[in-house]
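Here's the structure, in structure tokens; my notes come after.
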Amino acid sequence: KRFAGIDAIDIEVKHETSQQFIDTVAAIADTFGGINLEDIKAPECFEIEQALIERCDIPVFHDDQHGTAVCCGAALLNACRLTGRKVDEIKMVVNGCGAAAIAVTKFLMFLGVKHITMVERWKGMPHVLPSVWLLRIKPGK
């Protein structure tokens, strides 16, 4: 309420499967003006968010993805402005490939970043994702 002048209710939903979670949230969605998903890990968060967007007539927002992406995008644009660089000419490394990292990468691609390398640990060893994998990420808003 303090930041946006709206009331919010924290509802904890625990289920065994993503589908049970989706069904429960979709069933109560008409009670609310929007849904803010919080602390749902990848890859389940992508399935849950997309299903709820398709099933609900209210905005669905996953804070771990979208909130982080917007902050990182703003920081990047400001850094480019302060250093005189162009977004489409910088090279960037994203450390990690979780929900937030993927959302940040998609948003930065939408903003115009063309040279991005994602790095993840796999079985305890650093692993650089091949550029072919990055091409599967569609730039998003």
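The values are calculated or read from the model by the stated rules, or taken from the named source; none is laboratory data. If you're wondering where the values come from, they're calculated on a predicted model, not measured in any experiment. Note that we place each Cβ from the backbone using ideal geometry, even for glycine, and neighbour counts take in every protein chain shown. Heavy atoms of the whole protein, side chains included, go into the accessibility calculation; ligands, DNA and RNA do not. Shrake-Rupley method; radii C 1.70, N 1.55, O 1.52, S 1.80 Å.
Structure notes:
- Looking only at residues of the range 37-60 that are at pLDDT below 90 and open to solvent by 80 Å² or more (accessible area, probe 1.4 Å), we find that the one that is farthest from Gly5 (Cα to Cα) is Pro43.
- Of the residues making up the range 98-124, those that are at pLDDT 80 or above, under 21 Å from Lys41 (Cβ atoms) and open to solvent by less than 50 Å² (accessible area, probe 1.4 Å) are Gly98, Ala99, Ala100, Ala101, Ile102, Ala103, Val104, Thr105, Phe107, Met118, Val119.
- Residue match in the range 18-33 (condition: part of a loop (DSSP other than H, G, I, E, B), under 27 Å from Gly96 (Cα atoms) and open to solvent by 70 Å² or more (accessible area, probe 1.4 Å)): no
- The set of residues from the range 1-55 being among the β-branched types (Val, Ile, Thr) and under 15 Å from the mean Cα position of the chain (by Cα) comprises Ile35, Ile40, Ile48, Ile53.
- Checking the stated criteria, Val104 turns out not to satisfy the condition of being closer than 18 Å to Glu120 by Cβ, free of Cβ contacts under 8 Å to residues at least 60 places away in the same chain and assigned to a strand (DSSP E or B).
- Evaluation of Glu12 against (1) exposed (fewer than 12 other Cβ atoms within 10 Å of the Cβ); (2) within 18 Å of Ala99 (Cα to Cα); (3) acidic (Asp, Glu) (one fails), failing number: (2)
- Residue in the range 125-138 that is at pLDDT 85 or above, open to solvent by less than 20 Å² (accessible area, probe 1.4 Å) and either in contact with a Pro (Cβ under 6 Å, 6 or more places away or on another chain) or among the hydrophobic types (A, V, I, L, M, F, W, C) (or both) present: no
- Restricting the range 76-95 to residues that are part of a helix (DSSP H, G or I) and polar (S, T, N, Q) leaves a set whose member that is surrounded by the fewest Cβ atoms within 10 Å (Cβ to Cβ) is Thr83.
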